[in-house]
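Presented below is the structure to which this report refers.
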């Protein structure tokens, strides 16, 4: 099984490349400098020449707030490029693995979302991801779309790393306490997806369980609760204040409750993600060792 990973320089892309389940041989991982996913000609040439069995797309515009001002760029990366990628994968008869977000929902349900719940994104980022989902379903027969949420890791730009940086600088920190979701360790997502792809490699491709799956850790918490847990895991004691999202002037609208129910994924593939607290414990141990 030949794997092609796009967006290898990002948080999730790095997690894939560092996963113990990543096949070093028979795989190709490219970062943005090596391939710009919006370069349709280069993308077509790559897939034609490499002939992958699976394309894992980790390339994405992920700056949720900035997307409101850079809507065209966000849609170009998250939607338009994915439309072309879906068409290329369909023509090449390869599996497309795409990552989506809890932000395709409006957060008004009040309980964890399942895959068949109605979507209604509140911001440009969520809309760009939903349009990509729809395009893939339109063009591809072989696809896996994983909606995940609040990704964190030791790689790239994310809430976890931001909190540690602020705490170590001695900065007083304010974090919203009225937005709830499921923090999810990028490494656990990568491991789980690669295990699914191992199943795919051994499967009858016509009978495989393609579709959209939620893939997020538990339990659901607020950003403030997540920040508190990060500091506790790393034995840090910054000045931390809980605030309402209404206090962030000009802030992008986000779902108040966007927890994801991942039961369908676990039932279908026999794989469950560890809790995000377990991931925090692992990260804090590695950090203490200087890894």
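The values are calculated or read from the model by the stated rules, or taken from the named source; none is laboratory data. In this text, all values refer to a predicted model and were calculated from it rather than measured experimentally. Quick reminder, even Gly has a Cβ in these numbers, built from the backbone with ideal geometry, and neighbours come from all protein chains shown.
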Point to revise | Which numbered condition residue 61 misses (of (1) within 20 Å of the chain's Cα centre (by Cα); (2) more than 15 Å from residue 99 (Cβ to Cβ); (3) in contact (Cβ under 8 Å) with a residue 40 or more places away in the chain) | key: (2)
Check your understanding: In segment 1-23, which residue that is crowded, with 17+ Cβ neighbours inside 10 Å and assigned to a helix (DSSP H, G or I) is nearest to the chain's Cα centre (by Cα)?
Key -> 12
Exercise for review: Among the candidates 262, 228, single out the residue that is crowded, with 17+ Cβ neighbours inside 10 Å and without any contact (Cβ under 8 Å) to a residue 24 or more places away in the chain.
Suggested key: 228
Point to revise | Number of the exception - residue 20 against (1) more than 22 Å from residue 131 (Cα to Cα); (2) in contact with a helix residue (DSSP H, G or I) (Cβ under 6 Å, 6 or more places away or on another chain); (3) touching a residue at least 60 places away in the same chain (Cβ under 8 Å) | key: (2)
Review point. Does segment 173-194 include one or more residues that are closer than 15 Å to residue 112 by Cβ, under 20 Å from the mean Cα position of the chain (by Cα), loosely packed, with under 14 Cβ neighbours inside 10 Å and modelled with pLDDT of 95 or more?
Key: no
Review point. Regarding residue 273, is this residue closer than 18 Å to residue 189 by Cβ, in a loop (DSSP other than H, G, I, E, B) and touching a residue at least 24 places away in the same chain (Cβ under 8 Å)?
Key: yes
**Study point:** Residue satisfying all of: in segment 105-128; in contact with a helix residue (DSSP H, G or I) (Cβ under 6 Å, 6 or more places away or on another chain) and under 15 Å from residue 60 (Cα atoms); surrounded by the fewest Cβ atoms within 10 Å (Cβ to Cβ) among these
**Key:** 124
Exercise for review: Kindly establish whether residue 136 is surrounded by 19 or more Cβ atoms within 10 Å (Cβ to Cβ), touching a residue at least 12 places away in the same chain (Cβ under 8 Å), in a helix (DSSP H, G or I) and out of contact with any strand residue (DSSP E or B) (no Cβ under 8 Å at 6 or more places or on another chain).
Suggested key: no
Point to revise | Any pair with Cβ under 8 angstrom, 6 or more apart, that starts in segment 79-102 at a residue that is free of Cβ contacts under 8 Å to residues at least 12 places away in the same chain and ends at one that is buried (at least 24 other Cβ atoms within 10 Å of the Cβ) | key: none
